[in-house]
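Engineer: Below: one structure in structure tokens.
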Amino acid sequence: MNFIRKIARDAAIGVGVADDPASLDVFLRPGCAAAIWRRQTPPDVQSWIEDLDPDVLPRGRTVLRPNAVPETFDSLCEMSGLPEGPARDWLREDIATLASVVSELLKASVLRFRLDVVTTNACRKFHIDAITARLVCTYRGTGTQYGISPDGRDPSRVFTVPTGAPILLRGTLWPAEPPSGLLHRSPPIEGTDETRLVLVLDPVFDPDDDA
């Protein structure tokens with residue numbers, strides 16, 4: 001694993017980079033505002049996702065336990081009309097893996113699950129989410145953008161997470177001081193005909209609040 005403090009040309013200061021899911025525990029280190037799992041979707045699966053009609057991309061949100069992710073994903077696919085096959089199976093298993101990673105790393109038995117299909121400038125302003133932590137993985141389209149801002153203004157240098165690479169982000173409720181100054185946004189894509197498929201997983205520490 002790498003903890004990026006000095007390689008500013010590759011990532012923002014305070015961003016951990018892991019080459020496998022076990023190394024994502026860098027996210028728990030003091031001063032680490034975010035962590036990226038440096039990986040790529042298998043080329044055949046990526047081509048399949050990119051070639052899909054946007055109308056059949058699965059979408060939905062719910063609160064669930066990690067072991068319910070595969071069944072939930074299949075239900076969303078049935079509703080959207082996404083055809084079965086090896087690539088869909090890979091996507092299901094990968095989303096389930098990410099759910100397990102978040103649950104185990106952050107000690108959360110329940111997750112807020114969101115699978116979004118994005119074609120607009122949703123969340124285009126740089127911000128920090130009012131949550132404890134969040135995992136975002138863009139399976140199709142441009143990945144999440146982030147940068148450091150000491151004063152809350154737009155970062156002067158903007159970095160883009162590669163498609164298929166999950167990023168863990170701390171929110172304003174993360175118990176750490178001082179604030180990191182790391183802001184993020186969804187890339188502005190309105191008017192480009194781009195369609196993004198984005199997974200968002202938030203740990204839930206008090207399930208009664210999300211009932």
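Engineer: Treating only the Cβ of Lys, Arg, Asp and Glu as charged (+1, +1, -1, -1), what charge dipole size does the chain show about its Cα centre? Round to the nearest 20 debye.
Structural biologist: Values: 23 positive and 30 negative charges, 205 e Å.
That gives a dipole near 980 debye.
Engineer: Moving to a separate point now. Out of SER75, SER103, PRO58, whose Cα points farthest toward the positive end of the dipole of the range 39-114 (charges: +1 Lys, Arg; -1 Asp, Glu; placed on Cβ)?
Structural biologist: It is SER103.
Engineer: Would you give the gap between the C-alpha center of the range 138-186 and the C-alpha center of the range 20-93, rounded to a whole Å?
Structural biologist: 20
Engineer: Out of all DSSP beta bridges with both ends in the chain, state the antiparallel percent to the nearest 5.
Structural biologist: Details: 36 of 40 bridges.
Beta bridges within the chain, antiparallel portion: roughly 90 percent.
Engineer: Determine the per residue accessible area of the chain with all protein chains present and a 1.4 angstrom probe, expressed in square angstrom. Let's see the in-between values first.
Structural biologist: Details: 10520 Å² over 211 residues.
Per residue, the chain has 50 Å² of solvent-accessible surface.
Engineer: Whole-Hz Karplus ³J(HN,Hα) for the range 16-32, in order, using 6.51 cos²θ - 1.76 cosθ + 1.60 and θ = phi - 60°, x for Gly and Pro?
Structural biologist: Ordered by residue, 3J(HN,Hα) equals x, 10, 10, 9, 7, x, 4, 7, 5, 5, 4, 4, 8, 6, x, x, 8 Hz.
Engineer: How about the range 39-143: which trypsin sites (Lys or Arg not before Pro) there are in a DSSP loop, with at most 11 other Cβ atoms within 10 Å of their Cβ? Please list the in-between numbers first.
Structural biologist: Details: sites: ARG39, ARG59, ARG61, ARG88, ARG92, LYS107, ARG112, ARG114, ARG124, LYS125, ARG134, ARG140; in loops: ARG39, ARG59, LYS107, ARG124, LYS125.
Passing both the DSSP loop test and the Cβ count: LYS107, LYS125.
Engineer: Using a 10 angstrom Cβ neighbour count of at most 16 plus a DSSP loop assignment to flag exposed GluC sites (Glu not before Pro), which longest range of the chain is free of such sites? Display every interim value, and only then the final one.
Structural biologist: Values: sites that count: GLU84, GLU190, GLU194.
Free of exposed loop sites, the longest segment is 85-189.
Engineer: Residue-wise, which Karplus ³J(HN,Hα) couplings in Hz belong to the range 189-196, taking 6.51 cos²θ - 1.76 cosθ + 1.60, θ = phi - 60°, and x for glycine or proline?
Structural biologist: 10, 4, x, 9, 6, 7, 10, 9
The values are calculated or read from the model by the stated rules, or taken from the named source; none is laboratory data. Just so we're clear, the structure is a prediction, and the values are computed from it rather than from any experiment. Methodologically, a virtual Cβ is constructed for each residue, glycine included, from the backbone with ideal geometry; neighbour enumeration extends over all protein chains shown. Calculation scope for accessible area: heavy atoms of the full protein, side chains included, ligands and nucleic acids excluded. Shrake-Rupley method; radii C 1.70, N 1.55, O 1.52, S 1.80 Å.
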